[in-house]
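A.B. asks: Quick one: this structure, given as structure tokens, is what I'll be asking you about.
The values are calculated or read from the model by the stated rules, or taken from the named source; none is laboratory data. Since the structure is predicted, the reported quantities are computational estimates derived from the model, not experimental observations. Reconstructed Cβ throughout: ideal geometry from the backbone, glycine too, with neighbour counts over all protein chains shown. Heavy atoms of the whole protein, side chains included, go into the accessibility calculation; ligands, DNA and RNA do not. Shrake-Rupley method; radii C 1.70, N 1.55, O 1.52, S 1.80 Å.
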Amino acid sequence: MAKTKTRDRMNNEINAGSMADIAFLLLIFFLVTTTIAEDKGILVKLPPWSDEEPDITRLKERNVFSVLVNAQNQLLVREEPARIGELRERAKEFIMNPTKRPDLAEGPRNAIISLKNDRGTDYDTYLAVYNELKGAYDDLWDELSQRRYGQPYSEEMPFAQRKAIRDEIPMVLSEAEPTNFGEEQ
């Protein structure tokens with residue numbers, strides 16, 4: 001009787017020959033059906049590469065809205081300390097040219113925003129500053145679109161209307177090379 005019990009135990013094995021095939025099919029299934037989330041960054045169109053030396057023309061300081069961010073994440077806007085929360089309104093005021101600067105009589109076409117940060121600047125601070133500067137342009141485009149076309153500025157607008165708005169208020173945001181700790185600016 002003891003021999004029959006041992007035979008029954010040996011016959012109760014599970015055939016694992018097709019397990020590898022099943023695991024492989026599951027792997028293929030999940031690879032094909034999984035969507036990979038793409039990280040979205042800052043959408044910036046870079047200028048084309050050129051081996052020629054850039055034409056360095058002296059810009060009038062009053063046409064440049066300079067924003068400096070140091071390693072301690074402090075802002076210096078046009079040589080005055082500032083907070084990120086007030087950056088958007090100050091940029092909008094500068095771009096739309098109140099009568100303080102006769103050089104910008106053409107409107108916002110000559111207004112240049114220059115952003116320079118330190119290599120030690122936190123990425124979150126850099127993004128917050130960039131977001132506020134880009135938001136200033138977004139707000140101005142939206143206001144102009146509301147006045148002209150009675151609708152907010154969006155990608156659903158006809159291309160010609162968006163182009164007209166961006167031609168009137170072009171986004172000129174210059175990013176300078178980051179500086180090292182303690183480097184002269």
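A.B. asks: Go over the candidates Tyr137, Tyr130, Tyr153, Tyr126 one by one and state the one that is crowded, with 17+ Cβ neighbours inside 10 Å, assigned to a loop (DSSP other than H, G, I, E, B) and either at pLDDT below 90 or of a type in the set (Ser, Thr, Tyr) (or both).
C.D. replies: Tyr153
A.B. asks: A further question on this structure: I'd like to verify a number: residues in region 108-137 that are among the small types (Gly, Ala, Ser) and within 13 Å of Val67 (Cα to Cα), how many? Steps first, please.
C.D. replies: Initially, region 108-137 is screened for residues among the small types (Gly, Ala, Ser), giving 111, 114, 120, 128, 135-136.
This time we only want the ones that are within 13 Å of Val67 (Cα to Cα), so: 114, 128.
Result for region 108-137: 2.
A.B. asks: Shifting gears a bit: Need the failing condition index for Leu68 against (1) within 26 Å of Tyr137 (Cα to Cα); (2) more than 20 Å from the chain's Cα centre (by Cα); (3) at pLDDT 90 or above, just the number.
C.D. replies: For Leu68, the failing item is (2).
A.B. asks: Exactly one condition in (1) outside the structural domain of Leu87 (by TED's automatic domain parsing); (2) within 21 Å of the chain's Cα centre (by Cα) is false for Asn180; which is it?
C.D. replies: That leaves (2) as the condition not met.
A.B. asks: Does region 172-184 contain any residue that is under 18 Å from Ala91 (Cβ atoms) and open to solvent by 60 Å² or more (accessible area, probe 1.4 Å)?
C.D. replies: Yes, some residue in region 172-184 is under 18 Å from Ala91 (Cβ atoms) and open to solvent by 60 Å² or more (accessible area, probe 1.4 Å).
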